[in-house]
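First the structure, in the form of structure tokens, and then the observations on it.
The values are calculated or read from the model by the stated rules, or taken from the named source; none is laboratory data. The model shown is predicted, which means the values in this text are computed figures rather than measured ones. Glycine also receives a Cβ, built like all others from the backbone with ideal geometry; neighbour counts cover every protein chain displayed. When the accessible area is computed, the model is the full protein with side chains, heavy atoms only, and any ligands, DNA or RNA have been set aside. Shrake-Rupley method; radii C 1.70, N 1.55, O 1.52, S 1.80 Å.
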Amino acid sequence: MQQQIHVDKYERYWLNAVIVVLGIFFASLIVGAVVYGAHPTVEGGTLNILKLDESEFASPGVRHMGGNQYEVRMVAQTWSFVPAEIRLPAGADVTFLVTSRDVTHGLMIEDTLINLQIVPGHTSEARAVFEEPGEYVFQCHEYCGRNHHAMHGVIIVEEETTATDGE
Ligand code: CUA
């Protein structure tokens, strides 16, 4: 008979405990997905990333929906956002619709509550109102590879240029 590696009694307890805990986690993941329909925090539906250029994301950018309503479609990809610069008038009430061309990215826009996970095959949706003119930096906050740190952009909110003079 071969000599067996000695495993201490308590070490074996802990090994088994870890296996049981991982089993519970995995089971709850499956139960959550199958029984409760848990899914990534995306609300805008699904799409085929191989057909992005035939979808509503073929020409991402700002669309004026009337009044102060705007829609911004963005594509996140390694390692940039398209578009990376967005111009909006002050007071714009913006719905962001964002998807990924490749891997999972994130979108966080400063001075807003927008903090999205951008999952390929899904559209993430969020809304924000930009009252104050200025620059709002946005960035990817899900590690997505070598140039993750360089994946950012800016929203430039401009004072509404109306016919009125002075302040
Ligand atoms: Cu994209 Cu990090």
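Which residue, of 31, 72, is among the hydrophobic types (A, V, I, L, M, F, W, C), free of Cβ contacts under 8 Å to residues at least 40 places away in the same chain and part of a strand (DSSP E or B)? Talk me through it step by step, then tell me what you get.
On the way: 31 fails: part of a strand (DSSP E or B).
Of the residues listed, the single one that is among the hydrophobic types (A, V, I, L, M, F, W, C), free of Cβ contacts under 8 Å to residues at least 40 places away in the same chain and part of a strand (DSSP E or B) is 72.
Quick check on segment 58-82: of everything there that is within 16 Å of the ligand (Cβ to nearest atom) and open to solvent by less than 30 Å² (accessible area, probe 1.4 Å), which residue is farthest from residue 105 (Cα to Cα)? Break it down stepwise before answering.
Our first condition is that a residue be within 16 Å of the ligand (Cβ to nearest atom); within segment 58-82, this holds for 60, 74-82.
Still in the list and also open to solvent by less than 30 Å² (accessible area, probe 1.4 Å): 74-76, 81.
Numbers: 74: 12, 75: 10, 76: 7, 81: 10 Å.
Once the filter is applied, the top-ranked residue is 74.
All but one of (1) open to solvent by less than 80 Å² (accessible area, probe 1.4 Å); (2) without any contact (Cβ under 8 Å) to a residue 60 or more places away in the chain; (3) not β-branched (Val, Ile, Thr) hold for residue 48; state the number of the condition that does not hold.
Among (1) open to solvent by less than 80 Å² (accessible area, probe 1.4 Å); (2) without any contact (Cβ under 8 Å) to a residue 60 or more places away in the chain; (3) not β-branched (Val, Ile, Thr), the lone unmet condition for residue 48 is (2).
Hey, any hits in segment 97-107 for a residue that's within 16 Å of the ligand (Cβ to nearest atom), assigned to a strand (DSSP E or B) and open to solvent by 20 Å² or more (accessible area, probe 1.4 Å)? Before you say what the answer is, go through the steps one by one.
Taking segment 97-107 and keeping what is within 16 Å of the ligand (Cβ to nearest atom), we get 98-107.
Filter again for assigned to a strand (DSSP E or B), leaving 98-100, 105-107.
Still in the list and also open to solvent by 20 Å² or more (accessible area, probe 1.4 Å): none.
No; the residues of segment 97-107 include none that is within 16 Å of the ligand (Cβ to nearest atom), assigned to a strand (DSSP E or B) and open to solvent by 20 Å² or more (accessible area, probe 1.4 Å).
Please note which strands (runs of 3 or more DSSP E) are completely contained in segment 108-152 and include at least 3 residues that are within 15 Å of the ligand (Cβ to nearest atom) and modelled with pLDDT of 95 or more.
Values: elements: 115-118, 124-130, 134-139.
Filter on segment 108-152 gives 134-139.
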